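Shown next, in structure tokens, is the structure this report addresses.
The values are calculated or read from the model by the stated rules, or taken from the named source; none is laboratory data. Note that this is a predicted model, so its numbers are computed, not measured. Counting neighbours? That spans all protein chains shown, and the Cβs are built from the backbone with ideal geometry, glycine included. These area figures cover heavy atoms from the full protein model, side chains too; ligands, DNA and RNA do not enter into them. Shrake-Rupley method; radii C 1.70, N 1.55, O 1.52, S 1.80 Å.
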Amino acid sequence: MLKQFLNFKLSQKLSPQQIQLMKLIQLPTQAFEQRLIEEMNENPALETGTDNEDIYEKDEFDNNEDYDDYNDSENIETGEVNIDEYLSNDETPDYKTQVNNYSDDDEERESPLSAPISFHQDLINQLNTFILTDDQRDIAEFLVGSIDDMGYIRRSIQDMVDDMAFTQGIYTDEKTVEKILHVIHELEPSGVGARDLQECLLLQLKHKTPTESVALAIHIIEDQFEAFTKKHYDKLLQKFSVSKEQLKNGVDEIEKLNPKPGGAYTGSNKITEHVVPDFAIRIVDDELELTLNGRNAPELHVSKDYQEMMKTYKDSKDKSNSQKDAVQFIKQKLDSAKWFIDAIKQRQETLFVTMNAIMHFQQEYFLDGDETNLKPMILKDIADMVGLDISTVSRVANSKYVDTPYGTKLIKEFFSEAMTNDQGEEVSTIEIKKILQDVIQDEDKHKPLPDDQLADMLKEKGYPIARRTVAKYREQLDIPVARMRKKM
């Protein structure tokens, strides 16, 4: 039997321009600048800067300037193009986006990006101080190339021997590679080229000036590494027949070592990212003042040359096919330029109103910097305040930074879920984590508190949360379990 059903399906499709706008909103300041450069390179109808005779002020987010609706269709009849839409009565038809709280006289006090020598290149350079044959140097450079960003070689000697033969045409044996590996272990930073944590710590200890404490530390790592990692100090005291003070000195030597010698190297392969705040919050006369980084508000206008070309076409009596093709190209570039300028205005407005709502929602925190004053706040709270989609607020919060009197903060860190204290009041999970962190910081490190006792202490302070919740928050704060927090 053939049955017919009528189904209605409601779906929302974003236009390509809406998708592009969402991508622009998501970009932080530095990425936005790069995107602007790309657009300028691709569209000659888009220009930046102003003429001296055309400097005028606008409200920060003035939306009174009307723009044409643009048709994405590629099949536009040339004869239907209204040339007047692309010409302006003004002498200089600039479509600019400016923020009136940013002055050209303001100095950019941002740290420049440095280009230090890479971690691996520095190791290669250090090999020049050793007397090596060509074959030995080839092997040494291969071993350096096998070191990961944390400073470790995590491959077996046999695997590297095989890999050198198949990929580099270097034929050697395990004994030779082991010998060259000892050369790698002489490089700085100390501990580089180790195959595991135990070897890494030993290499660093053996580079230290020999003392009684260093000798004990070497014995601990060589003979009782597992007991040390589990902090079984009583077993170590019994094994080495030393006093608590002597053991403490030995353990202190180990705790000074770097378990990730490559990661701490300033010239690592990963260039440190310099965060450029997208916003700044200042306290002026006990009031909060929000500014948007001026680099998010470039001065843009549509090319006069392209408008002149449109005018020339309009005034021309003989409109050939080649001229019609040209005007189609010009129209496309002008449409794209106008849309991009308008999109930047919308981006500015979205960023500003979203951060402004967050600032007022968390006003108490921004006035004094006390994290316990952060209110529970979810994306929907801000979306409802500014009339935007939750996804739009998320795009702003997840990728933007704000410069505050208390340091530069990632905006998404101000969002948190709510929990109820013993007074029936809603408090932020950020507040509870801060209290938990303070409790752990003040604990007796000789007898650190397990999670159930931490839960009891939080309950006494008015935060009735379960032990498993304490464990979850502790892990989110990157704080180890009680046994691992124990000190001598």
Qualifying positions in the range 463-488 - part of a helix (DSSP H, G or I) and open to solvent by less than 50 Å² (accessible area, probe 1.4 Å):
Thr469, Val470, Ala471, Tyr473, Arg474, Ala482, Arg485
Mind checking whether some residue in the range 453-462 is out of contact with any helix residue (DSSP H, G or I) (no Cβ under 6 Å at 6 or more places or on another chain), part of a helix (DSSP H, G or I), open to solvent by 20 Å² or more (accessible area, probe 1.4 Å) and over 17 Å from Lys472 (Cα atoms)?
yes
Filtering the range 356-369 down to residues that are assigned to a helix (DSSP H, G or I) and in contact with a helix residue (DSSP H, G or I) (Cβ under 7 Å, 6 or more places away or on another chain) yields Ala357, Ile358, Met359, Phe361, Glu364, Tyr365, Phe366
Determine whether Gln34 is modelled with pLDDT of 55 or more, surrounded by 16 or more Cβ atoms within 10 Å (Cβ to Cβ) and farther than 25 Å from Glu308 by Cβ.
no
Mind listing whichever residues of the range 230-258 are more than 24 Å from Gly191 (Cβ to Cβ) and of a type in the set (Val, Ile, Thr)?
Val242
Check on Ile19, out of contact with any helix residue (DSSP H, G or I) (no Cβ under 7 Å at 6 or more places or on another chain) and at pLDDT 85 or above
no
If a residue counts only when it is within 18 Å of Lys461 (Cβ to Cβ) and open to solvent by 70 Å² or more (accessible area, probe 1.4 Å), which helices (runs of 4 or more DSSP H) contained entirely in the range 370-449 have at least 1 such residues?
429-442
What is the one condition in (1) in contact with a strand residue (DSSP E or B) (Cβ under 6 Å, 6 or more places away or on another chain); (2) more than 30 Å from Ile432 (Cα to Cα) that Phe366 does not satisfy?
(2)
When you check Asn52 against the structure, is it surrounded by 10 or more Cβ atoms within 10 Å (Cβ to Cβ), modelled with pLDDT under 55 and farther than 15 Å from Ser336 by Cβ, yes or no?
no
Go through the range 165-216 and give me each residue that's in contact (Cβ under 8 Å) with a residue 40 or more places away in the chain and either hydrophobic (A, V, I, L, M, F, W, C) or touching a strand residue (DSSP E or B) at 6+ places or on another chain (Cβ under 6 Å) (or both).
Ile180, Val183, Ile184, Leu187, Val192, Gly193, Ala194, Arg195, Leu197, Cys200, Leu201, Leu205
For Thr354, state whether it is within 28 Å of Asn373 (Cβ to Cβ), of a type in the set (Ser, Thr, Tyr) and free of Cβ contacts under 8 Å to residues at least 60 places away in the same chain.
yes
Given (1) within 24 Å of Gln198 (Cα to Cα); (2) open to solvent by less than 40 Å² (accessible area, probe 1.4 Å), index of the condition Ile170 fails
(1)
Looking at the structure I just gave you, is Asp162 more than 26 Å from Gln198 (Cα to Cα) and not aliphatic (A, V, I, L, M)?
no
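Please pick out the residue among Leu367, Leu288, Leu292 that is surrounded by 18 or more Cβ atoms within 10 Å (Cβ to Cβ), modelled with pLDDT of 85 or more and not basic (Lys, Arg).
Working: Leu367 fails: surrounded by 18 or more Cβ atoms within 10 Å (Cβ to Cβ); Leu288 fails: surrounded by 18 or more Cβ atoms within 10 Å (Cβ to Cβ).
Testing whether each residue is surrounded by 18 or more Cβ atoms within 10 Å (Cβ to Cβ), modelled with pLDDT of 85 or more and not basic (Lys, Arg) leaves just Leu292.
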